[in-house]
Protein chains: 2
Amino acid sequence: MFATMGALGLAPTAEAAAGERRYRAPRAGDFTLTGTAAAEVVVLGGGVAGLATAYELGKAGYRCTVVEARDRTGGRNLTIRGGDTLTDLLGHRQTARFAPGQYMNAGPARMAQWMLTMDYCRELGVPVEVFTNMNADAYIYNESEGMDRPMRYRTAKADMLGYVSELLAKATDSGALDQELTADDRGRLVEFLADYGALGEGFAYTGGSRRGFSVYPGAAGTPGVPYGDLPTASQIFATGVGRYFSFESEFDQAMPMFQPVGGMDAIPRALARAVGGDRIRTGCAVTEVTDKADGVTVTYTRGGRTHVLDADYCVAAMPPNLLAGVRHNLGSAVRSALGGFNPFSAGKIGLEYASRWWESDHRIYGGITETDLDVNQIWHPSHGYHGERGVLMGYYTLDTGADAYAELSPVEREQRAVAAGLRIYGDKYRTELASSFSVHWRQFPYQEAAWHTSLESPDAARYKPLTEPTGRVYFAGDWLSYMDAWQHGAFASARKAVTALHQRVLATRR
Amino acid sequence: MFATMGALGLAPTAEAAAGERRYRAPRAGDFTLTGTAAAEVVVLGGGVAGLATAYELGKAGYRCTVVEARDRTGGRNLTIRGGDTLTDLLGHRQTARFAPGQYMNAGPARMAQWMLTMDYCRELGVPVEVFTNMNADAYIYNESEGMDRPMRYRTAKADMLGYVSELLAKATDSGALDQELTADDRGRLVEFLADYGALGEGFAYTGGSRRGFSVYPGAAGTPGVPYGDLPTASQIFATGVGRYFSFESEFDQAMPMFQPVGGMDAIPRALARAVGGDRIRTGCAVTEVTDKADGVTVTYTRGGRTHVLDADYCVAAMPPNLLAGVRHNLGSAVRSALGGFNPFSAGKIGLEYASRWWESDHRIYGGITETDLDVNQIWHPSHGYHGERGVLMGYYTLDTGADAYAELSPVEREQRAVAAGLRIYGDKYRTELASSFSVHWRQFPYQEAAWHTSLESPDAARYKPLTEPTGRVYFAGDWLSYMDAWQHGAFASARKAVTALHQRVLATRR
């Protein structure tokens, strides 16, 4: 219920670096803790929530230490570039062979304009560009429902909404809604439907230019050839294409969406720079957290050796499924609460192509193809338009579908993904392929989840030991927000945790 | 009928220049005339059609001379930057005071991914970025229809489509469509409507998250506050908000749309560079065209002096309304055909602001606000996100509405536009204003039209003397295409003209 299909970066490209150099952040932080304090805080986890915690506390004068198990910060905010390596928990090893400038955002890949993530981009001077979350010319292909070829999104939409408008206009005109609507209402409704559905004589939907063209309108002599094969209402209903149309109206997915220029990891890189490299310890796996009357002791291992870190407070911003495996003296309520988050699977494969044939041949610049094949979705890149190469997201798989792909070797994943894409896009999906890289978060070291499902809201009583401090330990993460799986949730949760911590510290001093 | 509300560039910004330097065009032209020829061609008009004509003919070995009345090429493709000046035909003088890096595209401002304009950007190495042609968080404000405050596009859409879905689902469920649809059809339709309209129990539309939030969902304790005040079906129908929803489904306007990085005039600048400055004569107003048995003589004035240019062929790529005023010996059919294009008015005002309050305060990044006020539309800039300043398009007026604004002084235009915007956006629409610049194409020297309306298709018999050569004179322009008012139409028409000319030259040589 609290899992969304939503949002899940390493060295910058030349373009991104140029963008960041010329970019000047226009103002200081929107979020500022009032009054300064000098307590020591240990932050468990160097993902977005952990970095944001250390960043905000640092602005207020706290001395933070971020303890991160992996050799890099960012958590699920991961951008894969050429040379990056990954060995997953099933033992599959990969090294990315993407050409310079090519990348895939393996975790979160988009931000809505209202999200806190945008504010952090502004504050940190990370330039943003539009993420093309929908494209009228991307395809829909529901093979299991009898479609024998893909349909453009715009064609499917024109037909579905055309027939829906026709049916309602006719019902209204025939008096079927006379009880529900006044004559004025009916007149306005029918006028709307005629325009919205592109209806003709007698409220009939008979296709039209919104369906798209096989030959585009041009000069005199070339009026254009609209797509033929207008389906009947019954036929278009049976394809199931309509199920994809509400996506663009969702409050977290509606256009325009955005992405940092050069890769999503520009955000954790900027946060880590602001926090300071000397405040971040990577390669340190937390094994124990001990809450005491006057502080917190955190034990971690690095390179096989055990280290102990003492601080005044702790903010635990690790994945709940991994935090559950850390020894602690926080009590059974914390244990039970951490058990209420179930790790969810998702996986993505980046298919690098030697040409951008989807732009030149299919006239698709960005956007998402929807399908009932096991690849689920195919994403066209929202950057590098007209460039020489590009990385398609060949699948965005979820749940058991993701795990089935995860069990395959990287080569098998690629082969299976390409076999699916071939049926939609034709031969170049295979012949132009240059390299691939796949990431499955349930099988990813020190993550083991793409995000977490929860049967209750974050404000449910069972989660109170996490949404409020337990002893001197605070918790933060997207999983403790109403926007789990989104960086917005991680930022919001971090702000809540540091606000509470800071209020306590200031109150204690008085 | 053939006029659309569609598309209507001077020195590059530092950003654009950086973008162009780092950009490498990936391939040669899609369009290539086969075989080379060395005829002399005079091209009348240095707009997009004229420049494309000279560019393509130049690739095939022709020696072209472009004769342009103004001191710059590009025609209606005009990007206004600080320091640019304009004196319109009513005597209104303006000098743009936009800050460095700020600009407005006064003419065409967007391109669909399928348009030839995109191919020329690729071929010429002009980098493109997304033009945000719609935004779920932009406003709709139909004051004359009783709205007392603006409504977010997403809220209006959720309500209209919610009630439409409810009405049709209930009608279907109650048996009113049993004659039209099978039981399977009805089941699928109702399933679609429940999702598409976000319907609840008993197919009732009761609002929901798609309407948007006054407080965004955040951490635990902050589930978000959805917009209240759910209107009834009757109330939302009465606002007329639904009339704007089909725009995003139009084949020439559906997202994603694009724009060149740094200003639309990157296209004519790149074309002019490719043609060669020595082939372009600016400040030359054509006064006479004489078609002869062995060539064409063109007479023009420059700085009060008359010049004569002889060539083998002529391609007339001037606006038809101005071409109609040039003396020629092409006959009455040409005269009559040129008379069949009626100049249409459109005007835009760029409002430069000292802050991007629409992003920070309204969370609107790009996109169009629709209104029934006399400003018609307000466009949020699709570039410079998070920057220190930005230029809003304060009106995009059409027809008599545009002429009414044109008659005002530039200061009065600004005042009137700001008064309208204030009612939608509040005080910052006035207090943050830094400067403005307005362009009205019907009153623009050597254009005198935003585009042209025509009662017949370009393939109508009366236009044949223009869509086919008359003597040694060919014609080109968006007005001779099925995509008038779009650069795509100008490119398509130029390709048609040069293909016909080249075939004739090659045939003549044999």
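Every read-out reported here was derived from the displayed coordinates using simple, explicitly stated rules and does not represent laboratory data. Treat the numbers as computed from the prediction; the structure is a model and nothing was measured. Don't worry about glycine lacking a Cβ; one is built from the backbone with ideal geometry, like all the others, and counts go over all protein chains shown.
Assorted remarks:
- Couplings 3J(HN,Hα) for segment A:491-505, derived from phi with the Karplus relation 6.51 cos²θ - 1.76 cosθ + 1.60 (θ = phi - 60°), are 5, 4, 5, 5, 4, 5, 5, 6, 5, 5, 4, 5, 4, 5, 5 Hz, where x marks Gly and Pro.
- Rg and Dmax, both from the Cα atoms of the protein assembly as shown and both in Å, are 30.3, 104.
- Between segment B:228-248 and segment A:481-507, the alpha-carbon center distance in angstrom: 37
- The helix-based estimate of mean residue ellipticity at 222 nm for chain B, built from -39,500 (n - 2.57) per DSSP H run of four or more residues and divided by its residue count, is -9000 deg cm²/dmol to the nearest 500.
- Near A:ILE280, the amide H atoms lying under 5 Å from its own belong to A:VAL66; only residues 5 or more places off or on other chains count, and H is placed 1.01 Å from N.
- Taking segment B:57-133 and dividing mean pair separation by its residue count, relative contact order in percent (alpha carbons under 8 Å, at least six apart): 23
- Ordering of A:57-69, A:153-165 by packing [mean C-beta count within 10 Å, highest first]: A:153-165, A:57-69
- Straight-line cross-link partners of A:LYS59 among the lysines, defined as a Cα under 28 Å from its Cα and at least 8 positions apart when in the same chain: A:LYS292, A:LYS464, A:LYS496.
- Inter-copy label distances at B:GLU201 (7 Å, Cα→Cβ; nm, one decimal): 4.7
- Phi-derived couplings, Karplus 6.51 cos²θ - 1.76 cosθ + 1.60 at θ = phi - 60°, listed residue by residue for segment B:89-99: 5, 8, x, 6, 10, 9, 10, 5, 10, 4, 5 Hz, with x used for Gly and Pro.
- As a length-normalised measure over Cα pairs under 8 Å and 6 or more apart, the relative contact order of segment B:148-238 settles at 32 percent.
- Projecting label points 7 angstrom from Cα along Cα→Cβ for A:GLU40 and B:ALA333 puts them 9.5 nm apart.
- Given charges at Cβ of Lys, Arg, Asp, Glu: the protein assembly as shown dipole, positive-most of B:VAL190, A:ALA497, A:GLY83: A:GLY83
- Percent of beta bridges antiparallel (DSSP, chain B, rounded to nearest 5): 75
- Counting only Cα atoms, the size of segment A:299-356 along its three principal axes is 55, 31, 21 Å, in decreasing order.
- Dividing the mean sequence gap of close Cα pairs (under 8 Å, 6+ apart) by how many residues segment A:234-377 holds gives a relative contact order of 12 percent.
- Largest-first ellipsoid semi-axes for segment A:308-419, taking √(5λ) over the Cα gyration tensor eigenvalues, angstrom: 40, 18, 12
- Annotation for B:ARG63 and A:THR299: the two label points, set 7 Å from Cα along the Cα-Cβ direction, are 9.0 nm apart.
- Packing rank of A:447-455, A:427-435, B:298-306, A:217-225, where each peptide gets the mean count of other beta carbons within 10 Å, highest leading: A:447-455, A:217-225, A:427-435, B:298-306
- Å³ per residue enclosed by the Cα convex hull of chain A: 189
- Pair B:LEU90, A:LEU455: separation of 7 Å Cα→Cβ label points (nm): 7.0
- Point-charge dipole on Cβ atoms (K/R +1, D/E -1) for the protein assembly as shown, about Cα centre, debye to 20: 3580
- Of all DSSP beta bridges in the protein assembly as shown, antiparallel share, percent nearest 5: 75
- Shielding of peptide A:240-246 by partners, expressed as the average count of other chain Cβ atoms within 10 Å per residue Cβ, is 4.
- Backbone amide hydrogens, once placed in the peptide plane, bring A:THR287 within less than 5 Å of A:THR299, A:TYR300, A:THR301, excluding anything fewer than 5 places away on its chain.
- Whole-number D in µm² s⁻¹ for segment A:401-447, Kirkwood Cα-pair radius fed into Stokes-Einstein, 37 °C, 0.692 mPa s: 281
- In angstrom, the C-alpha Rg and Dmax of segment B:92-185 are 22.9, 68.
- Cα centroid of segment A:360-406 to Cα centroid of segment B:137-152, whole Å: 37
- Against the compact-protein benchmark of 2.2 N^0.38 Å, the Cα-based radius of gyration of segment A:148-238 scales to 1.26.
- Our coupling estimate for segment A:148-159, obtained by passing each phi through the Karplus curve with A = 6.51, B = -1.76, C = 1.60 and θ = phi - 60°, is 9, 6, x, 10, 5, 3, 5, 5, 4, 5, 4, 6 Hz, Gly and Pro reported as x.
- Dipole magnitude for chain A: about 2060 debye, using +1 per Lys or Arg Cβ and -1 per Asp or Glu Cβ, origin at the Cα centre.
- R0 of 35 Å, Cβ-Cβ distance A:ARG273-A:ASN342: FRET efficiency to nearest 0.05: 0.55
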